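Structure first, then comments.
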Amino acid sequence: MPKVTEETRRPRVGVVGGGQLARMMCESASQWGLDLSVLAAAQDDAAVAGAPDVVVGAPHDHDLVRAWATGCDVITFDHELVDLDFFAEIEASGVVVAPSPRALKFATSKAFQRTQMADAGIPVPKFLVLASYDRDAVDAFVAAAPHGVVVKADRGGYDGRGVLTPSTNAEVHDAVRDMLVAGAVVLEERVQLLQEIAGLLVRGRRGDQVAYPLVTTVQRDGMCVEVTYPTRLDPDLLEEAQDVVRRVGDQVDAVGVLAVELFVTPDGVLLNEVATRPHNSGHWTIEGCTTSQFENHLRAVAGLPLGGTAALFPNATMVNVVGSATPGSLVDALAVPGAHIHDYGKAWRPGRKLGHVTVVGTGPDVRVRAWEGAEALGTSATKESS
Ligand code: ADP
């Protein structure tokens, strides 16, 4: 038996949350035997079946999490719906928390993110943070927003939950009042979207950093349905977008994957939001890039060297499988040439993200086949002509 030294010992990584991101981290970790432990909320969470070690419990069960964390070298996250003060306490106890609670705050609070980024000179849509109802301030903001407004919950929203696009003035006031019951609200100008794009950065524990190529994302009802590489951006806008991603990365300074979602508007590139974890816009990297986002996230948080991020093919498309009324056919999906099928092992439920299909290769047929695969599996979303 080789002697176990600090060099040969695999760090033990604890993942808070047992969703599909943790599942894909486990799939990636199994390739080189990284020691992973998943803190899953329930026994039927997506990551449980393939995780080397599972503890079932809630992230807010402080005694349980404290005991679990002492057995880990580093703690990372499958989602950001956690108590940042508590994880700051875990960090202070000597366990590495990556991303740090300070960086996580950019992803957990839309008000904090917008305020910090605007102060740092990063282009964001015009916004107003409301801690309490102010009729005159809402009226003034709406009057200055030519394309309408979007009302967002400061915390707790994802996949379009917590984002409302009211059409009349009365609806705006109702939406603001309703949302304020749960906490602060961000009122935002509705911008004209030419395209939504996303960039992923990965930062190591020593500040080393790599960036993935930008992708175009398509949203329906606030939920991502399609991701395509490469983006359809002219070189000037591409450079502008890459620059915004870099500047956002410097502000957040998160160890691990940082996803930066951007709006391309007639007035240039604006930041939408950030996620301090592997992200739906990066699932295509599993087949499409030298190193997947999941492997690079684990490398980063474990303090290991980062892997290359180059695209391996001229084209790649990932289409999410979002539950429709009834499941489709795995046999039909497998019959689509080149379709890489990822099933998260979740119970079928309309509106739920259940898996995704990626096709890589050359030419427009790549996108067509990715949609064929997802439609065969029964996705509820429909392909938009390009
Ligand atoms: P979530 O946190 O639920 O992902 P986002 O803030 O990313 O919510 O909003 C979801 C989607 O709503 C965006 O991808 C975009 O399509 C649309 N959206 C959000 N903010 C604006 C805005 N200011 N102007 C226009 N569309 C917006």
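The values are calculated or read from the model by the stated rules, or taken from the named source; none is laboratory data. Not measured: the values here are computed from a predicted model. Every residue, glycine among them, receives a Cβ derived from its backbone with ideal geometry; neighbour counts consider all protein chains shown. Each accessible area value is taken on the protein alone, full model and side chains, heavy atoms only, with ligands, DNA and RNA left out. Shrake-Rupley method; radii C 1.70, N 1.55, O 1.52, S 1.80 Å.
Numbers for the structure displayed
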{"quantity": "Evaluated over the range 1-141, the Cα radius of gyration and Dmax, each in Å", "calculated": "19.1, 73"}
{"quantity": "Descending semi-axes in whole angstrom, ellipsoid equivalent of the range 105-241, from the Cα gyration tensor", "calculated": "29, 18, 15"}
{"quantity": "Average accessible surface area per residue within the chain, 1.4 Å rolling probe, Å²", "calculated": "44 Å²"}
{"quantity": "Mean projected area in nm² (Cα convex hull; one quarter of hull surface) for the range 211-266", "calculated": "4.6 nm²"}
{"quantity": "324, 380, 167, ranked by accessible area, largest first (probe 1.4 Å)", "calculated": "167, 380, 324"}
{"quantity": "Net charge of neighbours whose Cβ lies under 11 Å from the Cβ of residue 372, counting Lys and Arg as +1 and Asp and Glu as -1", "calculated": "0"}
{"quantity": "Solvent-accessible surface (1.4 angstrom probe) belonging to residue 165, in square angstrom, nearest 10", "calculated": "80 Å²"}
{"quantity": "Test item: Cα-centred dipole of the chain, Lys/Arg +1 and Asp/Glu -1 on Cβ, debye", "calculated": "520 debye"}
{"quantity": "Accessible area of the chain belonging to carbon and sulfur atoms, whole % at 1.4 Å probe", "calculated": "52 percent"}
{"quantity": "Local electrostatic count, residue 30, Cβ distance below 13 Å [Lys/Arg +1, Asp/Glu -1]", "calculated": "-2"}
{"quantity": "Cα convex hull volume per residue for the range 223-321 (Å³)", "calculated": "113 Å³"}
{"quantity": "Convex hull projection area averaged over all views, the chain, Cα basis, nm²", "calculated": "20.2 nm²"}
